[in-house]
Amino acid sequence: MSRITPVPLSELPDATRKSLAYAEEIMGFTPNDVLAMAHWPELLGAMEQLVAVIYKPGALDPVLKRLIATITSGAAGCRYCQAHTAHGAAKMAGGDAEKIAAVWEYQTSDLFSDAERAALDLALAAGTQPNAATDEHFRALEQHFSRQQIMEIMGVISLFGFLNRWNDTLATELEDKPMEFASETYSSDVWEAGRHARS
């Protein structure tokens with residue numbers, strides 16, 4: 001159970017309902033972390049703007065954005081965000097189900113390109129504590145991505161640095177849709193891959 005009870009839908013002010021509607025649009029369900037954040041409407045509004053900038057169509061493939069978020073969240077140990085982003089990669093961004101299921105095998109799977117491996121290597125290193133990103137990670141990125149694409153990769157990683165801390169600290173309750181997706185997509189061993197990758 002969440003350490004801060006989410007604001008009931010019936011008590012949301014109109015301005016906050018707009019933020020909730022945006023979250024539902026990009027996620028496909030009502031997220032409990034947004035309802036908890038609704039206790040501080042200014043923070044929720046600022047988060048909506050940040051998410052809109054990072055997730056809007058840009059130079060980086062939208063499925064890769066979600067997979068970067070999945071790896072970052074898994075490395076940080078945030079199962080709430082890992083389930084959300086894997087669900088989003090499939091259901092909202094139209095990603096290939098086999099590839100999403102194999103995300104923790106990205107370093108060896110033929111489903112992933114060298115460019116994707118470089119981005120996901122950085123995501124894994126950056127999600128680990130202490131941060132394990134190196135100059136070599138960026139040299140690898142520069143072989144495949146433009147400066148704008150690298151900025152978008154960093155935007156996703158950094159956004160989930162905040163969301164991983166928020167949701168893990170509050171013990172935010174995982175909603176049915178992402179829970180069902182994660183349960184159907186990942187074995188328990190794969191679900192724990194992020195934790196094992198950090199050790």
message: Just to be sure before I move on: is Asp189 at pLDDT below 95, of a type in the set (D, E, K, R) and not assigned by TED's automatic domain parsing to the domain that holds Pro31 in the structure I sent?
response: yes
message: Given the options His144, His137, name the one that is out of contact with any Gly (no Cβ under 7 Å at 6 or more places or on another chain), surrounded by fewer than 17 Cβ atoms within 10 Å (Cβ to Cβ), at pLDDT 95 or above and not hydroxyl-bearing (Ser, Thr, Tyr).
response: His144
message: Just to verify a result, which residue in the range 12-51, among those that are among the small types (Gly, Ala, Ser) and exposed (fewer than 14 other Cβ atoms within 10 Å of the Cβ), is farthest from Met92 (Cα to Cα)?
response: Ala15
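In the list Glu180, Glu173, which residue meets the criterion of being among the charged types (D, E, K, R), under 26 Å from Arg3 (Cβ atoms) and part of a loop (DSSP other than H, G, I, E, B)?
Unique residue meeting the criteria: Glu173.
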Sole residue being hydroxyl-bearing (Ser, Thr, Tyr) and without any contact (Cβ under 8 Å) to a residue 24 or more places away in the chain, chosen from Ser19, Ser10: Ser10
Close pairs from the range 118-145: first assigned by TED's automatic domain parsing to the domain that holds Ile71 and touching a residue at least 24 places away in the same chain (Cβ under 8 Å), partner acidic (Asp, Glu) and loosely packed, with under 15 Cβ neighbours inside 10 Å, Cβ under 7 Å, at least 6 apart: His144/Asp114
statement: Expected single match for modelled with pLDDT under 95 and charged (D, E, K, R) among Arg3, Arg17, Arg66 is Arg17
Candidates Trp104, Trp40, filtered to the one that is aromatic (Phe, Trp, Tyr) and free of Cβ contacts under 8 Å to residues at least 24 places away in the same chain: Trp40
- request: Considering each residue of the range 105-131, count those that are assigned to a loop (DSSP other than H, G, I, E, B) and closer than 22 Å to Phe162 by Cβ, and give that number.
  value: 4
message: Can you confirm whether Ala90 is surrounded by 24 or more Cβ atoms within 10 Å (Cβ to Cβ) and either within 15 Å of Ser158 (Cα to Cα) or assigned by TED's automatic domain parsing to the domain that holds Asp121 (or both)?
response: no
- request: Identify all residues within the range 55-67 that are surrounded by fewer than 19 Cβ atoms within 10 Å (Cβ to Cβ) and touching a residue at least 40 places away in the same chain (Cβ under 8 Å); write none if there are none.
  value: Gly58, Ala59
Ile100, sole failed condition from (1) more than 30 Å from Met179 (Cβ to Cβ); (2) crowded, with 17+ Cβ neighbours inside 10 Å: (1)
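The values are calculated or read from the model by the stated rules, or taken from the named source; none is laboratory data. Not measured: the values here are computed from a predicted model. Positions of Cβ are generated from backbone atoms using ideal geometry, with glycine treated the same way; all protein chains shown enter the neighbour counts.
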